[in-house]
1. Quick check on this structure: which one of L308, L319, L281 is in contact (Cβ under 8 Å) with a residue 60 or more places away in the chain and crowded, with 16+ Cβ neighbours inside 10 Å?
2. Which of the residues that make up the range 103-125 are farther than 15 Å from R55 by Cβ, buried (at least 17 other Cβ atoms within 10 Å of the Cβ), of a type outside the set (S, T, Y) and out of contact with any Lys or Arg (no Cβ under 8 Å at 6 or more places or on another chain)?
3. Would you confirm whether any residue within the range 97-111 is among the small types (G, A, S), in contact with a Gly (Cβ under 7 Å, 6 or more places away or on another chain) and either in a loop (DSSP other than H, G, I, E, B) or at pLDDT 95 or above (or both)?
4. Give the residues of the range 25-44 that are touching a residue at least 24 places away in the same chain (Cβ under 8 Å) and within 13 Å of L78 (Cα to Cα), sorted by residue number.
5. Do we find that S85 is assigned to a strand (DSSP E or B) and not β-branched (V, I, T) in this structure?
6. For the range 223-251, give me each residue that is in a loop (DSSP other than H, G, I, E, B) and under 30 Å from F320 (Cβ atoms).
7. So which residues in the range 126-180 are acidic (D, E) and either surrounded by fewer than 19 Cβ atoms within 10 Å (Cβ to Cβ) or touching a Cys at 6+ places or on another chain (Cβ under 6 Å) (or both)?
8. Quick check, is F181 among the hydrophobic types (A, V, I, L, M, F, W, C), on the phi > 0 side of the Ramachandran plot and either touching a residue at least 40 places away in the same chain (Cβ under 8 Å) or outside any strand (DSSP E or B) (or both)?
Amino acid sequence: MKILSILSDHRFIGFDRMKVLLPDGCKIEMPTQSPFIKYLCRFRSLVRLFRLEPRCATFLTEDILILAFLRKLWFISLSKANIVSVENLRIGFSEVLTFCSMRSYGMNVVYYGDYGQNVNGEEIHIYKLDESLHSEICYTFPAGSVKHIHNILYDKYRERFFIFTGDFGDDVGIYIANSDFSKVTPYLVGQQSYRAVIGKVLENGLLYATDAVMEDNYLYYVPFSDSIPRKLLSLGGSVIYGLILKEGLVFSTTVEPRPSVSSKIISLIDNRRGKGIKSNLIDVFYVSDDLACQKLKSYKKDFLPMRLFQYGCVTFPVLFDEHMEISSLPVNPVSVDDYDGIVDHLELSNTYGLKIH
């Protein structure tokens with residue numbers, strides 16, 4: 001089972017075998033075109049191979065949960081226990097990598113961007129979703145300027161956004177957008193040290209972890225006073241998944257392969273790590289808002305090929321409210337020995353930050 005979200009009463013919403021599992025016991029079955037899909041879901045390795053779990057989720061309102069799954073957005077009503085709307089994502093692109101929900105800041109709005117290989121260097125859109133359950137383009141990067149959108153972070157202190165883009169060369173960067181995305185300007189661009197997915201905007205600076213496959217990875221802090229990145233922590237791998245907490249940030253490193261080679265078959269089965277991936281260990285870290293860092297736990301990547309059966313990582317549920325207090329954090333280790341497909345738990349401590357349960 002995958003934990004999708006944690007509600008305000010600390011109960012959770014899960015996903016298992018093409019069903020959304022609500023805390024009251026209701027199950028919402030995802031429609032499929034083939035009964036064969038249900039059969040595949042009986043086997044964890046095939047769930048990984050065919051990507052039969054949502055990539056990410058977020059809350060649009062207190063009642064509407066959004067899932068990014070099967071190249072669509074699924075709008076789930078918790079009160080009605082059903083799917084109230086479905087929206088296709090852009091043709092030629094994959095599932096959204098991350099959402100930026102404004103619900104914790106009093107607005108029933110979600111932002112997200114195009115994510116995928118973008119082999120033709122097409123223009124890249126950022127979308128706004130509101131209670132109409134319909135996506136509207138709010139900004140477009142010109143063709144050839146960025147490959148795709150990794151994440152959008154809200155700066156509540158200055159009412160602006162940070163946009164993370166990937167993947168190589170001038171495509172990589174961190175941009176700043178004003179409150180309505182009518183103005184977007186480069187902030188830090190053109191280096192792998194600016195390539196990120198996970199971060200948090202603090203009162204006086206930007207915290208982020210790099211997502212570099214072929215270069216060393218670090219946790220950085222960028223003070224707004226001079227906009228010069230400072231290394232806080234050396235990481236053993238790239239960072240794709242994390243979660244903003246009330247007083248900190250939790251994230252996992254990733255075990256992923258080097259970039260694709262000319263042979264598609266060889267690329268699919270190639271288990272050689274990228275140069276920025278130092279070992280087969282997936283580390284989970286916590287960093288507090290005062291920049292104190294702590295390693296929580298490590299997992300080991302299993303033997304299955306990374307491109308076929310997914311990278312080694314830990315994924316995190318979305319919180320009903322970014323500011324909520326939680327005592328235990330369920331996490332989902334993926335493609336690891338012993339814990340793959342199993343819900344693991346981290347206990348939270350106000351005194352010592354996160355610690356292993």
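1. Values: L308 fails: crowded, with 16+ Cβ neighbours inside 10 Å; L281 fails: in contact (Cβ under 8 Å) with a residue 60 or more places away in the chain.
Exactly one of L308, L319, L281 is in contact (Cβ under 8 Å) with a residue 60 or more places away in the chain and crowded, with 16+ Cβ neighbours inside 10 Å, namely L319.
2. Within the range 103-125, R103, E122 meet the criteria.
3. From the range 97-111, those among the small types (G, A, S) are 101, 104, 106; that's our starting set.
Next, from what is left, pick out any that are in contact with a Gly (Cβ under 7 Å, 6 or more places away or on another chain): none.
Within the range 97-111, not a single residue is among the small types (G, A, S), in contact with a Gly (Cβ under 7 Å, 6 or more places away or on another chain) and either in a loop (DSSP other than H, G, I, E, B) or at pLDDT 95 or above (or both).
4. Of all residues in the range 25-44, those touching a residue at least 24 places away in the same chain (Cβ under 8 Å) come to 26, 28, 30-31, 41-42, 44.
The answer is C26, I28.
5. Details: assigned to a strand (DSSP E or B): yes; not β-branched (V, I, T): yes.
For S85, the condition - assigned to a strand (DSSP E or B) and not β-branched (V, I, T) - is met.
6. At the first step, the residues of the range 223-251 found to be in a loop (DSSP other than H, G, I, E, B) are 224-229, 236-237, 246-247.
F224, G237, K246, E247, listed by residue number.
7. At the first step, the residues of the range 126-180 found to be acidic (D, E) are 130-131, 136, 155, 159, 167, 170-171, 180.
Scanning the range 126-180 gives D130, E131, E136, D155, E159, D167, D170, D180.
8. Working: among the hydrophobic types (A, V, I, L, M, F, W, C): yes; on the phi > 0 side of the Ramachandran plot: yes; either touching a residue at least 40 places away in the same chain (Cβ under 8 Å) or outside any strand (DSSP E or B) (or both): yes.
The answer is yes for F181.
The values are calculated or read from the model by the stated rules, or taken from the named source; none is laboratory data. Please read these numbers as outputs of a predicted model, since none were measured by experiment. All Cβ positions, glycine included, derive from the backbone under ideal geometry; neighbour counts span all protein chains shown.
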